[in-house]
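Step one of this worksheet: look at the structure below.
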Amino acid sequence: MEEKMKAKEQQPIDFGFVIRRDETHCIVQADPNVYGSGYGVCPKEEDPWCKYDIADVQAYMQAHPDKVLADYAVKPDWLNQELNEQRRELAELEHWFSDVYDVQVKQYARCVRLGSSYDNKYGTIEELDEQAEQNAKRIAELREKVNKE
């Protein structure tokens, strides 16, 4: 009888399909066609009565990556806060070129053609050109960073 118990303990467990919620929490025996199906597994420190050991589940996932339905421990890049901030800054700088700089350059050219004075709230055309140069450099830096990710 003891030999049967030892043999049963040594056999690898087939957890079926697995959903990894984070580094230490998984759902095993999940049915992809039934919402909410499966058995939650966590470390024994959190739940000493848990049927399975999280280390066994993690080993199973490494051995059978095709059985992992979803891996929420791996964060998609859109959840990366720094990358989101860089994308936002890039969008703002590109918006500045289309909504401020391009419009002001057209107004300046019109004023030169018509011989009228160029007054605006953004400063002189030289100041705008200087700002555009700085923004263009920053856009190039941000595009390189964002495209790498």
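Since every read-out is calculated from the coordinates, none of them should be taken as a lab result. Computed from a predicted model, the values in this text were never measured in an experiment. Reconstructed Cβ throughout: ideal geometry from the backbone, glycine too, with neighbour counts over all protein chains shown.
Suppose we filter the stretch 32-49 for residues that are of a type in the set (A, V, I, L, M, F, W, C) and surrounded by fewer than 15 Cβ atoms within 10 Å (Cβ to Cβ); how many remain?
Within the stretch 32-49, the subset of a type in the set (A, V, I, L, M, F, W, C) is 34, 41-42, 49.
Checking the rest, the ones that are also surrounded by fewer than 15 Cβ atoms within 10 Å (Cβ to Cβ) come to 34, 49.
Adding up the residues that qualify gives 2.
Applying the selection to the stretch 17-37, what residues are part of a loop (DSSP other than H, G, I, E, B) and within 13 Å of VAL68 (Cα to Cα)? Show your work before the answer.
Here is the first cut: in the stretch 17-37, the residues part of a loop (DSSP other than H, G, I, E, B) are 17, 23-24, 29-37.
Result: PHE17, GLN29, ALA30, ASP31, PRO32.
Taking ASP53, is it free of Cβ contacts under 8 Å to residues at least 24 places away in the same chain, touching a Cys at 6+ places or on another chain (Cβ under 9 Å) and not small (Gly, Ala, Ser)? It would help to see each step written out before you state the result.
Details: free of Cβ contacts under 8 Å to residues at least 24 places away in the same chain: yes; touching a Cys at 6+ places or on another chain (Cβ under 9 Å): no; not small (Gly, Ala, Ser): yes.
Considered against the rule, which asks whether it is free of Cβ contacts under 8 Å to residues at least 24 places away in the same chain, touching a Cys at 6+ places or on another chain (Cβ under 9 Å) and not small (Gly, Ala, Ser), ASP53 comes out as no.
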